[in-house]
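**Q** For reference, the structure I am asking about is given below.
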Amino acid sequence: MKSLVVNREDLKHNIRIIKEIAKDTGRLDNHKNIEIIGVVKGNGYGLGLVPYSKFLIDNGIDFLAVSTVEEAIQLREAKVQARILMLSSTAVEKDVENLIQNDIILTIGSKESVEVVDKLGEKLNKKVKVHLKIDTGFGRYGFCFDEKEKIVEVLNKAKNIEIEGTFSHFTLAFFHNNKYSETQFKRFIDVIEYLKDNKIETGKLHICNSSGFLKFKDKRLNAVRIGSAFLGRLSIPNEYGLKRVGYLKSQVAEIKNMKKGNNIGYSNAYTLKKNSKIAIIPVGYADGFNVRDDRDMFRKLDRLRYIVRDFKDSFKDKSLYVNIKNNQGKYEKCKIIGRLGMYHVSADITGKDILIGANVKFDVNPIFVDSSIRREYISGE
């Protein structure tokens, strides 16, 4: 049976490193303790929403953030009692009421969302805790940075809202050129200063995601949102000793001895050049193996960049490999042959002492592994 394996020790290692970096006070010297908000969206970045959230809490990360109503409610139904921030702003009354009743900290990012939250706060006789979202150039949720007067006007009318934080989100923190991140940060600070000048409480300030946190010491403010860094899967060079967390485990289902000239997989794309021993493994692209983010093709420059990259890659060995445990208990690197199937792959194990039932490790990004696959937390290997 397949499982997504999470090594507890590697995850603890990454949490310790992030905590050590966060001890550096960054920009706000009067706020010496930078709070780490553990982002658990996307099924806990693939590690399993509930088990991953509980693991973070057990290791001192007791402020979580989600992106959907469903994630927030699932955590409460699982008896997760930590503070939970809903990162997405919404003006849908049914959803807002559900979140308030489950003690979820809301995000307000529009006039409509403020009005709905304020109205429901009055109805439920409750001061609703919120974080104010400022859109500094991402173009999604949040009040636009150039709507400062509107923000003040809207918030001054709200009597049932308690702002405990204000935040924004970098769009290019992973990029080598930091110019746009600097622009976003300046816009954010300008809004914060304007709000304070107009007696609007801003609460805890946060703009850094994982990449921003690791790159921009002076922009950490008094909270940071950490997601991919806990998994050691960064969009920037890993200069911090973070360990990659999560791999897909399966077993060899069958072994076939096949003759030279036989085809392997769909479209007859691969023909054996010699007599071979083939392991058939019940893992495919539907399980997240060899699945990647779609390319950004909006700009001509991006399209040209991918054309150049593909040309260079055509001269490289782009074969896929898996690690299979042999009869001596050691893992051996084995080449995938033929096209990937939805639920099966074939690996060449010619000359290797590998048996049916042998464990197989697949390098996958956990976020692409189907949520129906069991998450297995282990200690050591």
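**Q** When you check Val128 against the structure, is it farther than 30 Å from Arg233 by Cα and in contact (Cβ under 8 Å) with a residue 40 or more places away in the chain, yes or no? Before the answer, list the steps.
**A** Values: farther than 30 Å from Arg233 by Cα: yes; in contact (Cβ under 8 Å) with a residue 40 or more places away in the chain: no.
So Val128 fails the test.
**Q** If you don't mind, another one. Out of the residues in region 235-262 meeting the condition of being surrounded by fewer than 21 Cβ atoms within 10 Å (Cβ to Cβ) and touching a helix residue (DSSP H, G or I) at 6+ places or on another chain (Cβ under 6 Å), tell me which one is farthest from Asp363 (Cα to Cα).
**A** If we take residues in region 235-262 being surrounded by fewer than 21 Cβ atoms within 10 Å (Cβ to Cβ) and touching a helix residue (DSSP H, G or I) at 6+ places or on another chain (Cβ under 6 Å), then Tyr240 is farthest from Asp363 (Cα to Cα).
**Q** Within region 99-109, can one find any residue that is farther than 24 Å from Val80 by Cβ and not basic (Lys, Arg)? Steps first, please.
**A** Keep residues of region 99-109 that are farther than 24 Å from Val80 by Cβ, which gives 109.
Pick out the ones that are also not basic (Lys, Arg) and you get 109.
Within region 99-109, one or more residues are farther than 24 Å from Val80 by Cβ and not basic (Lys, Arg).
**Q** Residues that are assigned to a helix (DSSP H, G or I) and either free of Cβ contacts under 8 Å to residues at least 12 places away in the same chain or of a type in the set (Ser, Thr, Tyr) (or both): does region 6-23 have at least one?
**A** Narrowing region 6-23 to residues assigned to a helix (DSSP H, G or I): 8-22.
Okay, now just the ones that are also either free of Cβ contacts under 8 Å to residues at least 12 places away in the same chain or of a type in the set (Ser, Thr, Tyr) (or both), so 16, 20.
Looking for residues that are assigned to a helix (DSSP H, G or I) and either free of Cβ contacts under 8 Å to residues at least 12 places away in the same chain or of a type in the set (Ser, Thr, Tyr) (or both), one finds at least one in region 6-23, hence yes.
**Q** Of these, Leu214, Leu242, Leu195, which one is among the aliphatic types (A, V, I, L, M) and out of contact with any Lys or Arg (no Cβ under 9 Å at 6 or more places or on another chain)?
**A** Working: Leu242 fails: out of contact with any Lys or Arg (no Cβ under 9 Å at 6 or more places or on another chain); Leu195 fails: out of contact with any Lys or Arg (no Cβ under 9 Å at 6 or more places or on another chain).
The conditions single out Leu214.
**Q** Something else now. Please state which of the following conditions Asp294 fails to meet, knowing it meets all the rest: (1) at pLDDT 95 or above; (2) in the same structural domain as Ile356 (by TED's automatic domain parsing); (3) in a loop (DSSP other than H, G, I, E, B); (4) not hydroxyl-bearing (Ser, Thr, Tyr).
**A** Tallying (1) at pLDDT 95 or above; (2) in the same structural domain as Ile356 (by TED's automatic domain parsing); (3) in a loop (DSSP other than H, G, I, E, B); (4) not hydroxyl-bearing (Ser, Thr, Tyr), Asp294 fails exactly one: (1).
**Q** Select from region 82-132 the residues that are surrounded by 17 or more Cβ atoms within 10 Å (Cβ to Cβ) and on the phi > 0 side of the Ramachandran plot and list them in ascending order.
**A** none
**Q** In region 188-234, what count of residues is obtained for those that are touching a strand residue (DSSP E or B) at 6+ places or on another chain (Cβ under 8 Å) and not polar (S, T, N, Q)? Give the derivation first.
**A** Within region 188-234, the subset touching a strand residue (DSSP E or B) at 6+ places or on another chain (Cβ under 8 Å) is 188, 191-192, 195, 200-210, 212-213, 221-227, 230.
Now drop any that are not not polar (S, T, N, Q), which leaves 188, 191-192, 195, 200-201, 203-208, 212-213, 221, 223-227, 230.
Number satisfying all stated conditions: 21.
**Q** Thr183 - would you say it is among the hydroxyl-bearing types (Ser, Thr, Tyr) and surrounded by 18 or more Cβ atoms within 10 Å (Cβ to Cβ)?
**A** Working: among the hydroxyl-bearing types (Ser, Thr, Tyr): yes; surrounded by 18 or more Cβ atoms within 10 Å (Cβ to Cβ): no.
Criteria not met by Thr183.
**Q** Here is a list: Lys335, Lys330. Which entry is assigned by TED's automatic domain parsing to the domain that holds Tyr266, surrounded by 14 or more Cβ atoms within 10 Å (Cβ to Cβ), of a type outside the set (Ser, Thr, Tyr) and modelled with pLDDT of 95 or more? Working first, answer last.
**A** Details: Lys330 fails: surrounded by 14 or more Cβ atoms within 10 Å (Cβ to Cβ).
The unique qualifying residue is Lys335.
**Q** If you don't mind, there's one more thing I want to ask. In this structure, is Lys215 within 24 Å of Ile21 (Cα to Cα), modelled with pLDDT under 95, of a type outside the set (Val, Ile, Thr) and within 19 Å of the chain's Cα centre (by Cα)? I'd like the intermediate steps shown before the answer.
**A** Working: within 24 Å of Ile21 (Cα to Cα): yes; modelled with pLDDT under 95: yes; of a type outside the set (Val, Ile, Thr): yes; within 19 Å of the chain's Cα centre (by Cα): yes.
When the stated conditions are applied, Lys215 passes them.
**Q** Tell me yes or no: at least one residue of region 182-197 is modelled with pLDDT of 95 or more, within 17 Å of the chain's Cα centre (by Cα) and under 23 Å from Asp24 (Cβ atoms).
**A** No, because not a single residue in region 182-197 is modelled with pLDDT of 95 or more, within 17 Å of the chain's Cα centre (by Cα) and under 23 Å from Asp24 (Cβ atoms).
**Q** Let me ask something additional. Conditions first: (1) touching a helix residue (DSSP H, G or I) at 6+ places or on another chain (Cβ under 8 Å); (2) buried (at least 18 other Cβ atoms within 10 Å of the Cβ); (3) farther than 15 Å from Glu147 by Cα. Asn178 passes all but one, so which condition is the exception?
**A** All conditions are met except number (2).
The values are calculated or read from the model by the stated rules, or taken from the named source; none is laboratory data. Note that the coordinates shown come from a computational prediction; the quantities given were computed from them, not determined experimentally. Heads up, the Cβs are rebuilt from the backbone with ideal geometry, glycines too, and the neighbour counts pull from every protein chain shown.
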